[in-house]
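Each remark here refers to the structure printed beneath this line.
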Amino acid sequence: MDRLVFLLGTGLARGAVLALFALALVLIWRGARVVNFAQGAMAVVSTYVAFEVTSLTGSYWLGLLAALLAGGLLGFAVERGVMRFASPASPLSGVILAIGLVMVLQSALGILFGPDYRPMRVPFDDSAIVVGGVPLLSPYDLFVLVVAVVVMGALAVLFRWTSLGLQMRAAAFAPEVSRLLGVRVSRTVTVGWVLSSVVGSLAALLLVPTSLGLNPHATDSLFVLGFTVAVVGGLDSPVGALVGGVVVGVAMSLVTGYLGAGLVPIAVLVLLVLVLLLRPAGLFAAAEARRA
Amino acid sequence: MTGRQRLPGQRPLARTLVLAAGWTVVALGGTFALDPFRNYQLALVAAYLCATAGLTVLVGATGQLSLGHAALMAVGGYGFALTTNALPFGGLAAFVLALLAGALAAAVVGLLLGLAAARLSGPYLAGLTLAVVVALPAVASTWSTVLHGDQGVQIPFEGVPDALRRVVALEQWQAMVAVVVTAAVVTGLTLLRGGRFGLKMLAVRDDEVAARLSGIPAGRVKVLAFTASSVAAGVGGAVLCFVAQAVSPGAYTVGFSLLLVVAVVIGGLGSILGAALGSVVVVLLPWLIGRLTASLPADAAQRLDGNLAVLVFGLLLITVMAVAPHGLHGAIDAARRRRRPTPDVPPPAAEPAPRKVLVPTEEQR
Amino acid sequence: MSALLEVRGLTVGYGGAPVLRDVDLDVPAGSIVALVGANGAGKTTLLRTLSALVPVTRGSIRLAGQDLAGVSVEDRVRRGLAHVPEGRGVVAELTVDENLRLGGLWRGPDRRTAVAEVYELFEPLARRRDNPGHQLSGGERQMLSLGRALVARPTVLLLDEPSLGLAPRVVAQIMGVLRSLADRTGLTVLLAEQNVVGALSVADHGVVLGLGEVVASRPAHELAADDRLRHAYLGF
């Protein structure tokens with residue numbers, strides 16, 4: 001029973017990060033109708049920036065800040081430099097460009113840093129807090145959970161209540177009409193990429209030190225998990241990403257705890273197949289999304 | 001439509017078979033001119049071509065991409081290896097049976113994945129197949145009693161048949177076998193694409209709703225296309241297992257899977273000739289780069305090893321998509337058209353109505 | 001004196017034969033000009049060209065004396081050109097209120113009063129403020145897209161087929177609103193319509209487009225009375 005509570009707690013923290021990563025995917029999907037297969041690779045670049053800055057300055061927080069800045073810059077560069085070439089007529093071209101980007105970024109990291117795992121430290125204790133004899137979350141899990149909730153809240157405020165958010169939503173749903181109303185759509189698309197890249201980088205930064213380990217391919221499995229979350233929740237739905245993140249996070253935590261960490265990739269695969277077979281639009285897809 | 005009418009890219013059966021036989025004879029003859037290492041590379045190209053031809057037909061005809069063809073190759077490889085080890089006899093019969101078993105295993109996995117994702121439009125198939133490759137090492141170690149984890153499965157050494165032992169070396173023999181199997185796979189794919197099923201695939205790709213309205217079961221067509229493509233990849237994996245006498249998850253990584261995509265894209269999406277050219281590039285370029293970096297100091301060479309080739313391929317992929325989305329094959333086609341101002345198609349009168357509606361010209365594929 | 005919106009020698013072609021050929025058009029300030037013609041005559045293309053959604057091959061477009069060449073879609077709105085596209089362009093996923101806010105995004109503080117005015121003008125919208133666009137009826141959608149364009153306080157309003165698919169009563173209501181806005185506030189309207197009778201009944205001036213060329217340009221009541229023209233180009 002204690003073990004279950006602990007696994008649920010860790011699963012929740014893990015799920016919050018997955019939700020962030022999936023949210024970043026959903027942002028791009030809604031804004032540009034591209035699943036950004038390079039999101040993991042982009043996030044791992046930011047994580048290396050954090051690693052380097054932290055090694056140089058000794059400050060975790062400076063590293064975090066630098067990584068988020070790098071994530072934003074990378075998002076900007078990728079959209080303006082690579083994704084602009086995606087043909088709107090062929091959904092494949094965006095996927096293929098993203099794959100090219102994955103290869104470039106991962107191999108460049110491999111050349112610069114080598115294939116070895118780099119240790120990353122976090123400024124919080126990673127062992128569980130015990131409340132009344134029951135081990136709950138670790139302080140780091142708590143930190144992760146708080147950051148994820150704050151960021152999701154900020155995104156919700158941005159999209160629901162600000163003019164920029166309104167423009168981004170409008171541009172995603174109806175680009176031409178939005179232009180006729182004066183929305184600079186190419187700018188909102190760029191903002192979407194920057195935002196998505198920052199959020200994706202943050203997710204990787206939170207997850208890499210304790211559970212993935214820093215290596216050029218560290219985020220391959222994170223990407224698959226994030227994609228699964230987005231599919232479970234419905235690629236179009238930010239709320240779905242949130243709920244899907246928690247569902248997948250808790251499920252994977254239970255699999256790890258009771259069956260072993262080695263089974264996680266298989267469990268993800270099974271979950272993905274089941275969802276696609278039974279509820280292809282996602283478990284929480286908004287009904288209105290399919291109406292014309 | 002009548003049997004006579006044909007779309008560009010569709011060839012009469014006899015012509016396809018003659019062409020296939022011709023290429024096969026040329027390739028088999030070529031093995032005599034190559035040294036053992038080149039023959040080994042030729043065998044690799046042939047094995048890759050099974051997978052890339054399957055992939056290119058999938059992309060060209062259904063507009064969907066698989067990022068997991070390496071995993072399907074692995075499935076074929078494991079099927080081949082396990083069957084080889086289970087059979088009490090060796091020789092040609094065992095080889096054929098094992099090959100069929102590999103193909104069947106890939107077909108089953110492909111069918112399941114296809115049912116889950118190929119019916120949907122959008123990026124689902126790409127994501128799901130990626131998840132399969134990522135999960136491959138976990139699958140191998142979870143069922144390690146059968147699949148032997150990271151070690152993989154070895155098969156007993158089978159040399160050149162006695163009758164040929166004086167004439168051909170081991171590598172040449174392996175290359176010859178690979179060429180013959182690949183020729184069969186590629187011919188099968190060409191016939192599939194050129195036949196009625198090919199028309200259905202094109203119809204579904206170009207306008208799924210319209211295809212459904214004309215009575216084509218779009219979902220089933222997509223699933224079958226993916227299954228056929230999986231079988232081709234599985235046979236490729238079996239051939240690779242035959243050449244390497246082993247199959248292990250370490251050989252079928254995400255990186256390798258993406259390499260197959262590179263081969264298909266730089267060759268020109270949808271073109272089998274392009275897939276062949278792409279497979280050659282994907283085999284030769286890393287080897288060439290390895291030769292170039294070998295003279296560097298050990299530390300630099302180690303970091304560049306593998307990575308530099310991937311970097312080049314990544315840049316190539318982006319450049320091709322941005323500049324020449326039709327790949328090598330498209331470029332060759334364009335050059336050919338420039339040289340010959342009159343187009344190489346029969347006058348429109350011979351080919352009425354469906355041309356504009358259904359047919360992707362070579363550029364569109 | 002020159003018109004508020006002035007089009008001279010406008011030619012537009014998507015590669016092959018031109019869709020619009022040497023079109024001249026004047027929309028004087030405070031007037032309603034009806035642009036009529038059969039399906040495929042080029043009405044929508046003309047409007048889309050005015051908004052820069054379709055590139056100009058030859059000719060000029062001037063708004064209040066200023067040449068619009070090189071001005072982007074987004075900036076034309078800021079210069080006072082509002083375009084309600086064919087099919088209305090309500091963003092179905094956004095609420096009525098959000099759609100209206102979108103109309104005046106770049107306007108600053110007076111946006112609130114502009115939105116309030118639209119709710120006064122079209123009462124049904126005020127009741128459905130928080131409903132998403134896809135729940136609205138056809139008439140409500142037309143009110144919303146028209147209202148959204150008005151929030152921007154445009155100098156020239158381009159309307160593409162506002163009556164399409166609407167009940168005659170609703171059409172009459174919308175035409176009435178246009179007329180009263182033109183009279184009361186000096187709004188200038190270019191109204192592309194297949195509903196010739198409805199359009200000419202509120203317009204000051206009528207322009208008939210046939211296969212991409214202007215075949216007639218006369219006061220609206222004269223056009224409505226010209227049987228020959230009606231038969232030849234308007235199909236009734």
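Taken per residue, the accessible surface of chain A reaches 39 Å², heavy atoms only and a 1.4 Å probe.
For the residues of B:116-123, the average number of beta carbons from a partner chain within 10 Å of their own beta carbon is 6.
Which number do you get for Rg(Cα) / (2.2 N^0.38 Å) in the stretch A:58-177?
With N residues counted in the stretch A:58-177, Rg over 2.2 N^0.38 Å equals 1.48.
Among residues other than residue C:186 whose Cβ falls under 13 Å from its Cβ, what is the net charge (Lys/Arg +1, Asp/Glu -1)? So the environment of residue C:186 carries a net charge of +1. Peptide C:70-81 is shielded by partner chain Cβ atoms: per residue, an average of 3 of them sit within 10 Å of its Cβ.
Take the Cα of residue C:97, step 7 Å toward its Cβ, do the same at residue B:87, and the gap between the two points is 7.3 nm. Run the numbers on chain B and let me know its relative contact order in percent, using alpha-carbon pairs under 8 Å that are six or more apart. Taking the mean separation of contacting Cα pairs over the length of chain B, I get 29 percent.
A Förster radius of 22 Å combined with the Cβ-Cβ distance from residue B:214 to residue B:13 puts the calculated FRET efficiency at roughly 0.30.
For the stretch C:89-179, relative contact order (Cα pairs under 8 Å, six or more residues apart, normalised by length) works out to 37 percent. With the Kirkwood sum run over all distinct C-alpha pairs, chain B has a hydrodynamic radius of 21.3 Å. With equal scatterers on the alpha carbons only and no solvent term, can you work out the Debye log10 of I(q)/I(0) for the protein assembly as shown at 0.07, 0.10 1/Å? Taking Cα atoms of the protein assembly as shown as identical point scatterers yields -0.67, -1.18. With a Förster radius of 51 Å applied to the C-beta separation of residue B:166 and residue C:17, the computed FRET efficiency comes to 0.10.
In terms of its Cα atoms, chain A spans 62, 45, 34 Å along the principal axes, sorted from long to short. Distance between the 7 Å Cα→Cβ label points at residue B:196 and residue A:61: 7.2 nm. Mean Kyte-Doolittle hydropathy of -0.5 or higher plus an axial Cα length of 30 Å or more: which whole DSSP H helices in chain B meet both? Helix filter hits for chain B: B:13-33, B:36-62, B:91-113, B:170-194, B:218-244, B:272-293. Shielding by partners for peptide A:89-98, expressed as the average number of C-beta atoms from other protein chains within 10 Å of each residue's C-beta, is 6.
Selection among A:127, B:105, A:66 by position relative to the dipole of the protein assembly as shown gives B:105 as farthest towards the positive end (Cβ unit charges, Cα centre). Counting Lys and Arg as +1 and Asp and Glu as -1 over every other residue whose Cβ lies under 13 Å from the Cβ of residue A:168, the net charge comes to +3.
Between residue B:246 and residue B:291, the modelled label-to-label distance comes to 2.6 nm, taking each label 7 Å out from Cα in the direction of the beta carbon. Between residue B:25 and residue C:117, take the C-beta separation as r, use R0 = 60 Å, and let me know the FRET efficiency to the nearest 0.05. So, using R0 = 60 Å, E works out to roughly 0.15.
Full extension of the chain segment joining residue B:154 with residue B:121 gains 8.0 nm, where the gain is 0.36 nm per residue of separation less the Cα-Cα distance. With the cut-off at under 18 Å, measuring from each backbone N in the stretch C:103-119 to a point 7 Å along the Cα-to-Cβ line of residue A:162 picks out C:105-108.
The values are calculated or read from the model by the stated rules, or taken from the named source; none is laboratory data. From a predicted model like this one, the values you see are computed outputs, not experimental measurements. Because the Cβ atoms are built from the backbone with ideal geometry, glycine has one as well, and the counts that use them run over all protein chains shown. The accessibility values were calculated without ligands, DNA or RNA, using every heavy atom of the protein model including side chains. Shrake-Rupley method; radii C 1.70, N 1.55, O 1.52, S 1.80 Å.
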